[in-house]
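Structure record follows, encoded as structure tokens.
The values are calculated or read from the model by the stated rules, or taken from the named source; none is laboratory data. Please read these numbers as outputs of a predicted model, since none were measured by experiment. Here the Cβ positions follow ideal geometry from the backbone for every residue, glycine too, while neighbour counts run over all protein chains shown. Heads up: the accessible areas ignore ligands, DNA and RNA and are worked out on the full protein's heavy atoms, side chains in. Shrake-Rupley method; radii C 1.70, N 1.55, O 1.52, S 1.80 Å.
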Amino acid sequence: MTDYRRLRVALLGAGAVGSQVASLLRQHADELADRAGARLELVGIAVRDVDAKRDVDLPKELFTTDADSLIVGSDIVIELMGGIEPARAYLLQAINSGADVVTANKALLATHGPEIFDAADQVGAEVYYEAAAAGAIPIIRPLRDSLAGDRVQRIMGIVNGTTNYILDRMDTEGAEFADVLADAQRLGYAEADPTADVEGYDAAQKAAILASLAFHTTVPLDAVHREGITAIDKSMMDAARHAGYVIKLLAVCERLTDEGGTESISVRVYPALIDRAHPLASVHGANNAVFVQAEAAGNLMFYGAGAGGVQTASAVLGDVVSAARRHIAGGVGVGESTLANLPIVPVGRVTTRYQITLEVDDQPGVLATVAGILSEGRVSIATVEQTVVESADGESGVARLVIGTHKALEQDLSDTVERLAASGVVERVVSVLRVEGN
């Protein structure tokens, strides 16, 4: 057996992911030592309750409630606790003690990333976070390293497995949102309180991380436009399917260039229509995918499990091996590149296509009035489909208009929809969905 240098590894948290990481560190100790060039010794696991039931069988003597003592003297600290505090304090303590840190904490990085990365830069440590953006999918290293010499133009990602599971079943089975959400909670895909997922908060945190890497710019979480999927219903799914689209909750990170050549970026999360021929349209179940468009590399697709204990543990252990190799090689850690400092524009300055669904009076001249309001608002019509719902007495009732637009400025579209709603001929604005991927 090769006599490897020993590196002390501390683990904070033993939930679904943490338990799998601990188990794999012990189970594959010899193999990981060969890959890392160092023996990775798990010296302890900090938890709130040492007697709590775990997903895997681990020696009880590994567990402790004293995270501070565990961190001191460790070479690598893995944080899988989640949440902001005390995770933030523990990561800063680990960095300041000279350890490299590995985390899957998207909420922490999206809100306190600059502080943590700056602390690591000050002492020459490194922060690894492959599992923070898309679970098992390797996307952080490709953006940070492989594409560092390229110019990323756009990222579109399905980065939340819960919402993709819900929308996929609504699309393929014709099910209603509430019914699928209940199934997702029963199967463990959704939390008892699903707000973070269905309202887009989780995806927004991941979008901030991806955009910061792709565009070498610090992206605060409050600069990410966010909308959830709770308003999506069966009728919207049916209309999307009829038009050749599927609805996905997308994280869109985009480089914009104005007429004067000035660059900026847009970062947004919302349910959007995507053509069924697009690679993201075929992402089913709770899987995730990230579609990257780069200037030189062209289109790249990263697909796989976006969550799950053992799957996410794979990404975490990859970071642990990288951290170990850095310790063996020596030298300072590689800092984050945020020097581009591109301005982040509000969603109102984004240009895309739209599908607007209206319920209007089934009267002569209504379509002409609607078309006139759209034209005045600088929104050009590409397609119109009209259906009529007859009243109980068989007479003409309400007409439903599904209008596809050419590319329009978000602010123009928003103002125009307000004028349509107040026009007197529109009874209800059923939905407004963006069309992405073209």
Starting from the Kirkwood Rh over alpha-carbon pairs, what translational D in µm² s⁻¹ does segment 273-313 have by Stokes-Einstein at 4 °C and 1.567 mPa s? 111 µm²/s
Which far-off residues, 5 or more places away or on another chain, put their amide H under 5 Å from the one on Arg39, with H placed in the peptide plane? Arg5, Arg6, Leu7
Taking only the alpha-carbon positions of segment 283-374 as identical scatterers, the Debye log10 I(q)/I(0) at q = 0.14, 0.22 Å⁻¹ comes out as -0.98, -1.20
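How high is the relative contact order of segment 265-380, in percent, with contacts defined as C-alpha pairs under 8 Å that are six or more residues apart? Working shown, then result.
On the way: 55 pairs, mean separation 26.3, N = 116.
With pairs under 8 Å counted, the relative contact order is 23 percent.
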What is the angle, in °, between the Cα long axis of helix 106-123 and the longest principal axis of the Cα atoms in the chain? Nearest 10 is fine, range 0 to 90. 40 degrees
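What translational diffusion coefficient, to the nearest whole µm²/s, does segment 43-88 have by Stokes-Einstein, given a Kirkwood radius computed over alpha-carbon pairs, a temperature of 25 °C and 0.890 mPa s viscosity? Mind showing how you got there, number by number?
On the way: Rh = 11.6 Å.
Taking Rh from Cα pairs, D becomes 211 µm²/s.
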Can you bin segment 192-281 into rounded, prolate or oblate? Criterion: square roots of the alpha carbon gyration tensor eigenvalues sorted a ≥ b ≥ c, rounded for a/c under 1.5, prolate for a/b above b/c, oblate for the rest. oblate
If amide hydrogens are placed 1.01 Å from N in the peptide plane, which non-local residues have theirs closer than 5 Å to the one on Thr352? Ala408, Glu410
Proximal aspartates and glutamates relative to Lys53, as straight alpha-carbon distance under 17 Å, when same-chain residues fewer than 8 apart are discounted: Glu61
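Which whole-number percentage describes the relative contact order of segment 187-253, with Cα contacts under 8 Å and a sequence gap of 6 or more? Provide the component values of the computation, followed by the final result.
Working: 47 pairs, mean separation 22.7, N = 67.
The normalised contact order for segment 187-253 reaches 34 percent.
Over 15 Å, how big is the tail of the calculated P(r) for segment 106-208, in percent of all Cα pairs? Provide the component values of the computation, followed by the final result.
Working: 3704 of 5253 pairs.
Cα-Cα pairs in segment 106-208 separated by more than 15 Å: 71 percent.
Leaving out ligands and nucleic acids, note down the accessible area per residue over the chain with a 1.4 angstrom probe, in whole Å².
Working: 18760 Å² over 438 residues.
Ligands and nucleic acids excluded, the result is 43 Å² per residue.
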What is the sum of charges around Glu359, taking Lys and Arg as +1, Asp and Glu as -1, for the other residues whose C-beta is under 12 Å from the C-beta of Glu359? -1
According to the square roots a ≥ b ≥ c of the eigenvalues of the Cα gyration tensor, what is the shape class of segment 25-129, taking rounded for a/c under 1.5, prolate for a/b larger than b/c otherwise, and oblate for the remainder? oblate
Can you check what the net charge comes to around Leu342, using other residues whose Cβ is under 14 Å from the Cβ of Leu342 (Lys, Arg +1; Asp, Glu -1)? +1
Candidate lysines - alpha carbon under 21 Å from Lys234, same-chain residues fewer than 8 apart omitted: Lys248
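Rounded to the nearest 0.05, what FRET efficiency do His406 and Gln27 give with R0 = 56 Å and r taken as the Cβ-Cβ distance? Could you check? Write out the running numbers ahead of the final one.
Values: r = 56 Å, r/R0 = 1.01.
Result of the calculation: an efficiency of 0.50.
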Would you grab the residues whose amide H sits under 5 Å from the one on Tyr128? Only those 5+ places off in sequence or on another chain, please, with H modelled 1.01 Å from N. Val101, Val102, Thr103
Over the chain: Kirkwood hydrodynamic radius from C-alpha pairwise inverse distances, Å: 23.6 Å
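Suppose accessible area is computed on protein heavy atoms with a 1.4 Å probe; arrange Ser212, Ser19 from highest to lowest.
Working: Ser212 25, Ser19 0 Å².
So the residues, ranked largest to smallest area, are Ser212, Ser19.
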